[in-house]
Amino acid sequence: MVFIKAVGAAALMMTMSMAILLGSTLAVAMPTSPAIGIVNIGRIRKLVAKYNLSSILVFGDSSADPGNNNHLATTFKGNFPPYGKDFFGGRPTGRFSNGRLPTDFVAEALGYAAVVPAFLDPNVKTESLSRAVSFASAASGYDDLTANLTNVLPVWKQLEYLKHYIIRMRRLMNGETKEMIKNAVFVLSMGANDFLQNYFVEPNRPKQFTVQQYEDYLVGCLIRDVKEMHRIGARRLVVVGVPPLGCMPLVKTAMNSAVCVDKYNIPALSLNIKIKNSLATLAGELGLTAVFADAYGAIVDAVNNPKKYGFVETSKGCCGTGTYEYGDTCKGQSTCKDPSKYVFWDAVHPTEKMYEIIAADLLNTVLTQILA
């Protein structure tokens, strides 16, 4: 049995120009999550066999991108040191962390692979994609405009690549491909960039929507994408909720705040509630097993109670000063001595240890709901 502390989903990319738009904090209480999650790997693998779980297909942003952005004409990349410092061989892969992502740990626990390959990696053989693959693109979001602002893959394009993937699998598996897609678990992890790269920075969406209206718009985009996944063949789906945006070191720095910034946590929490409710409705309409993996309360609990999880530093990242560096500004920077004591690797993204903790929540979601 493997014991992993259960914390929610990953923090995501944002732009530095948001600093001038940040307002004051609001004094509201934040929820907390269960302290410890226990992942029984043996039981998971038995359920994988019993329910014929075929593969894990990943969509999203930097919380799930293992290197697809390396092959795009975008500046939102993490394929240089110190990223990958603690990855196998100490090499940067495009993952925005010092090591692996939550979906890597999930794939390993399911018995598929130690890492989830990027679909756009030209060096990956088709056989290596059959049990786990990621179409995720750092800096993407539910809103197509979010991806367009940074020239990365919107969800519709990620789903286009899924169709290309299915064609490749047909050549490999012949008539078994349809069943393989039906028995796969689809994981979708995004949403933070829609606020932190788009709504709170760019002028277009605030002119069109209030914050609450934009949340509804994002839910509409999610519903559209889930219906397209279902049309393609998805029958099992995990949607990872938006993390507490105001707890990122970059936001705290921009706000000159020592605590999480409620102005940015409140929309994330509200959007999560709407997503969870919409998934329940969709599940009934489509005959889809669709579950929500909480991110919000769990990360807040880790930030507010670091000793429970073995962390020491929650307000700064490990890269550089830990206050503003991420992406290009993290390139070539010195790092802290022990990343395992840090919640965040850079000013936006978690460390590998935090990602491993996050994976427990995903695994328990798969164990208790998708495969039950």
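Computed from the coordinates by the stated procedures, all read-outs in this text should not be read as laboratory data. Fair warning: this is a prediction, and the values are worked out from it, not measured in the lab. Cβ atoms come from the backbone with ideal geometry, glycine included; neighbour counts cover every protein chain shown.
Using Cβ counts within 10 Å as a stand-in for footprinting exposure, how do Thr93, Thr146, Thr253 rank, fewest first? Mind dumping the intermediate values first?
Working: Thr93 25, Thr146 30, Thr253 20.
Ascending number of Cβ neighbours within 10 Å: Thr253, Thr93, Thr146.
Using the Kirkwood formula on the Cα atoms of the range 130-183, what hydrodynamic radius do you get, in angstrom to one decimal? Intermediate values should be presented prior to the final figure.
Details: mean 1/r = 0.0815 Å⁻¹.
This gives a value of 12.3 Å.
Specify the angular offset, from 0 to 90 degrees and rounded to the nearest 10, of the alpha carbon long axis of helix 352-365 from the longest principal axis of the alpha carbons in the chain.
Value to nearest ten degrees: 50.
Calculate the FRET efficiency for Thr321 and Ser128 from the Cβ-Cβ distance with a Förster distance of 35 Å, rounded to the nearest 0.05.
On the way: r = 38 Å, r/R0 = 1.09.
Computed FRET efficiency for Thr321 and Ser128 comes out at 0.35.
May I ask for the net charge around Leu101, where only other residues with Cβ less than 12 Å from the Cβ of Leu101 are counted and Lys, Arg are +1 while Asp, Glu are -1?
Result for the neighbourhood of Leu101: -4.
Assuming 0.36 nm per residue, please report the length gained on full extension of the stretch Asp338 to Glu228 beyond their Cα-Cα distance.
35.3 nm
Return the long-range amide H neighbours of Asp86 (sequence gap of 5 or more, or a different chain), with a cut-off of under 5 Å between placed amide H atoms.
Close amide H contacts, sequence-distant or interchain: Gly99.
Using R₀ = 51 Å, calculate the FRET efficiency as 1/(1 + (r/R₀)^6) where r is the Cβ-Cβ separation of Arg91 and Glu285; round to 0.05.
The computed FRET efficiency comes out at 0.70.
Looking at this model, which pairs from Lys163/Lys276; Lys274/Lys337; Lys46/Lys341; Lys157/Lys263 are more than 29 angstrom apart at the alpha-carbon?
Lys274/Lys337; Lys46/Lys341; Lys157/Lys263
For the chain, take N as its residue count and report Rg(C-alpha) divided by 2.2 N^0.38 Å.
Here the Cα radius of gyration is 0.90 times the empirical estimate.
With each run of n ≥ 4 DSSP H residues scored as -39500 (n - 2.57), what mean residue ellipticity at 222 nm is computed for the chain after dividing by its residue count and rounding to the nearest 500 deg cm²/dmol?
Calculated mean residue ellipticity at 222 nm is -11500 deg cm²/dmol.
Below 8 Å, C-alpha to C-alpha, sequence gap of six or more: please give me the relative contact order for the chain in percent. Before the final figure, lay out the partial values.
Numbers: 840 pairs, mean separation 96.1, N = 372.
It rounds to 26 percent for the chain.
Sorting Thr74, Thr177, Thr103, Thr368 on the 10 Å Cβ count, fewest up front, what's the list? Each step should come with its number before you reach the end.
Details: Thr74 16, Thr177 20, Thr103 29, Thr368 11.
By the 10 Å Cβ count, ascending: Thr368, Thr74, Thr177, Thr103.
Taking Cα atoms, how many degrees apart are the long axis of helix 155-173 and the longest axis of the chain, rounded to 10 and kept between 0 and 90?
The helix 155-173 is inclined about 30 degrees to the chain.
How would Asp301, Asp144, Asp194 line up from fewest to most surrounding beta-carbon atoms within 10 angstrom? Could the numbers behind the result be given before it?
On the way: Asp301 23, Asp144 14, Asp194 28.
Sorted ascending by nearby Cβ count, the order is Asp144, Asp301, Asp194.
Excluding Leu286 itself, what net charge comes from residues whose Cβ is under 12 Å from its Cβ, given Lys and Arg +1 and Asp and Glu -1? Don't jump to the answer; show the numbers that get you there.
On the way: positive: Lys227, Arg231, Arg235, Arg236; negative: Glu228, Glu285.
Summing Lys/Arg as +1 and Asp/Glu as -1 gives +2.
Can you give the net charge of the other residues whose Cβ lies under 12 Å from the Cβ of Pro244, counting K and R as +1 and D and E as -1? Numbers along the way, then the final one.
On the way: positive: Lys252, Lys263; negative: Asp262, Asp294, Asp301.
With Lys, Arg at +1 and Asp, Glu at -1, the net is -1.
Applying 1/(1 + (r/R0)^6) with R0 = 41 Å to the Cβ-Cβ distance of Asn174 and Asn148, what FRET efficiency is obtained, to the nearest 0.05?
0.65
Counting other Cβ atoms within 10 Å, which trypsin sites (Lys or Arg not before Pro) in the range 248-348 have at most 12 and lie in a DSSP loop?
Lys337
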